[in-house]
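Here is the structure we will look at, set down as structure tokens.
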Amino acid sequence: MGGKKRILSGMRPTGPLHLGNLHGALEQWVELQDRYDCFYFVADWHALTSNYESPEGLSDYTMEMAFDWLSVGLSPEKSTLFVQSHVKEHAELFLILSMITPLSWLERNPTYKDQMAQLSGRDVSTLGFLGYPVLQAADIIMYKTDIVPVGEDQVPHVEITREIARRFNYLYGKVFTEPRAMLTKTPRILGIDRRKMSKSYGNAIYLSDSPETIAKRTAQMITDPQRARKCDPGDPGVCNVFEFHKLYTKKEVTDEINVGCRSAALGCVECKKMLATSLAEGLGPIREKRSYYAQRPELVAEILEAGTKRAREVAAGTMEEVRSGIRICSRLR
Ligand code: TRP
Ligand code: SF4
């Protein structure tokens, strides 16, 4: 893997993955595997920052995240797949970085302010939650990461990471690289209610959904809001169903749908049925691979263990440099 630039990204295990995660992140992660030395990890400690009051699902979600990843083509042969909490060095680096991170950098973090407002039902006025970007910085710079593929909402965190890396290097000598964010090209995927697809909105279609569930969910999708009756012509340009056709249905058929919709020859009910068929078909191979892994959790655990071991080796190397930089006594073994 030598010579390739290093990529790192993580996801919080807060539930099963949906089409928004697939098109907004995972597809890109898969594609990057051949050109870069990729590290992808389950950010289970990060999930705890906002979910510490109800950790029940954490263990299952961690495994399910791995099922989802493997089923869409993340490959342990190409990439290092690991679990954050099993590389304790992240916690040590977090602690050290917390010494040099001014509170003001964290308090002005826009993602922090947004989340504070959104999570109003939960008490997130904790040190861990404020320090979220410091832990994320530790995740990233631990591996001397060059590029961090993330969604727009995470860009401020990558910015803070750069500042922290720069500050460490300035104070103690150059150990870290300054990573940059890479945004996905795919536009935001909308849920069946046309809001951003999100587990918490209950508007998602999941990678693990059966064809029956997919049919039910697509039947509920909001279409062109201006089209009240079948005899009204529709506008695929503003229809979320059509957006999905573009991703999942053959080009010729999509073109026909476009014409049929605009001339009112095609009704929305029919159009959604067609979408359900292409979605079920397109997701078929993912669903099959997913059930293969879901039936073999020991195999998946082994895959994660192997990746975690590799991550730990890299992390251990970085931590030697860090400890020596901050003059931790090295006489003791
Ligand atoms: N904060 C990220 C998110 O919610 C998850 C994450 C944790 C992450 N550590 C990271 C992403 C390091 C990229 C790099 O999506
Ligand atoms: Fe959307 Fe299809 Fe209805 Fe046209 S026919 S508005 S593309 S669901």
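Pairs linking a residue in the range 75-102 that is more than 24 Å from Gly325 (Cα to Cα) and of a type in the set (Ser, Thr, Tyr) to a residue that is in a strand (DSSP E or B) and open to solvent by less than 10 Å² (accessible area, probe 1.4 Å), with Cβ atoms under 6 Å and 6 or more positions apart or on different chains, are Ser79/Cys38; Ser79/Tyr40; Thr80/Phe39. One residue stands out in the range 265-321 among those that are of a type in the set (A, V, I, L, M), closer than 30 Å to Phe242 by Cα and without any contact (Cβ under 8 Å) to a residue 60 or more places away in the chain: the one that is most open to solvent (accessible area, probe 1.4 Å), namely Val269. The one condition from (1) closer than 24 Å to Leu299 by Cβ; (2) open to solvent by 20 Å² or more (accessible area, probe 1.4 Å) that Ser71 does not meet is (2). Looking across the range 186-235, the residues that are more than 16 Å from ligand 1 (Cβ to nearest atom), part of a helix (DSSP H, G or I) and small (Gly, Ala, Ser) come down to Ala215, Ala219.
Yes/no matrix, rows are residues, columns are (1) of a type outside the set (D, E, K, R); (2) under 30 Å from Arg290 (Cβ atoms); (3) in the same structural domain as Leu19 (by TED's automatic domain parsing):
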residue	(1), (2), (3)
Phe176	yes, no, yes
Ser200	yes, yes, no
Ala215	yes, yes, no
Asp232	no, no, no
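Hey, can you tell me all the residues within the range 87-140 that are among the small types (Gly, Ala, Ser) and surrounded by 23 or more Cβ atoms within 10 Å (Cβ to Cβ)? Within the range 87-140, Ala137, Ala138 qualify. Do you know which of the residues in the range 184-240 that are away from ligand 2 (no atom under 12 Å from the Cβ) and acidic (Asp, Glu) is farthest from Trp69 (Cα to Cα)? Among those residues, the one meeting the criterion is Asp193. Look at the range 116-168 and say how many of its residues are assigned to a helix (DSSP H, G or I) and either over 30 Å from Gln33 (Cβ atoms) or among the aromatic types (Phe, Trp, Tyr) (or both). Selection size over the range 116-168: 10.
Residues that are under 30 Å from Glu305 (Cα atoms), modelled with pLDDT of 95 or more and away from ligand 2 (no atom under 16 Å from the Cβ) occur at least once in the range 98-112. Selection of first residues in the range 141-162 that are open to solvent by 10 Å² or more (accessible area, probe 1.4 Å) and within 8 Å of ligand 1 (Cβ to nearest atom) and of second residues that are in a loop (DSSP other than H, G, I, E, B) and of a type outside the set (Lys, Arg), restricted to Cβ pairs under 9 Å at least 6 apart or on distinct chains, gives the following pairs, ordered by first then second residue: Val150/Thr184; Gly151/Thr184.
Here is a yes/no grid of residues against (1) modelled with pLDDT of 95 or more; (2) more than 14 Å from ligand 1 (Cβ to nearest atom); (3) within 12 Å of the chain's Cα centre (by Cα); (4) closer than 17 Å to Ser200 by Cα:
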residue: Met1; (1), (2), (3), (4): no, yes, no, no
residue: Leu17; (1), (2), (3), (4): yes, no, yes, yes
residue: Glu53; (1), (2), (3), (4): no, yes, no, yes
residue: Tyr61; (1), (2), (3), (4): yes, no, no, yes
residue: Ser75; (1), (2), (3), (4): yes, yes, no, no
residue: Thr80; (1), (2), (3), (4): yes, no, no, no
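Go through the range 34-44 and give me each residue that's in contact with a Lys or Arg (Cβ under 9 Å, 6 or more places away or on another chain) and either of a type outside the set (D, E, K, R) or within 16 Å of ligand 2 (Cβ to nearest atom) (or both). Residues satisfying the conditions are Tyr36, Cys38, Phe39, Val42, Ala43. Assessment of the range 178-185 against the conditions (outside any helix (DSSP H, G or I), outside the structural domain of Leu103 (by TED's automatic domain parsing) and either open to solvent by 10 Å² or more (accessible area, probe 1.4 Å) or charged (D, E, K, R) (or both)) yields no matching residue.
The values are calculated or read from the model by the stated rules, or taken from the named source; none is laboratory data. As the structure is a prediction and not an experimental result, all values here were calculated from the model. Neighbour counts are summed over all protein chains in view; Cβ atoms, including those assigned to glycine, are modelled from backbone coordinates with ideal geometry. These accessible areas exclude ligands, DNA and RNA; they are computed on the full protein's heavy atoms, side chains included. Shrake-Rupley method; radii C 1.70, N 1.55, O 1.52, S 1.80 Å.
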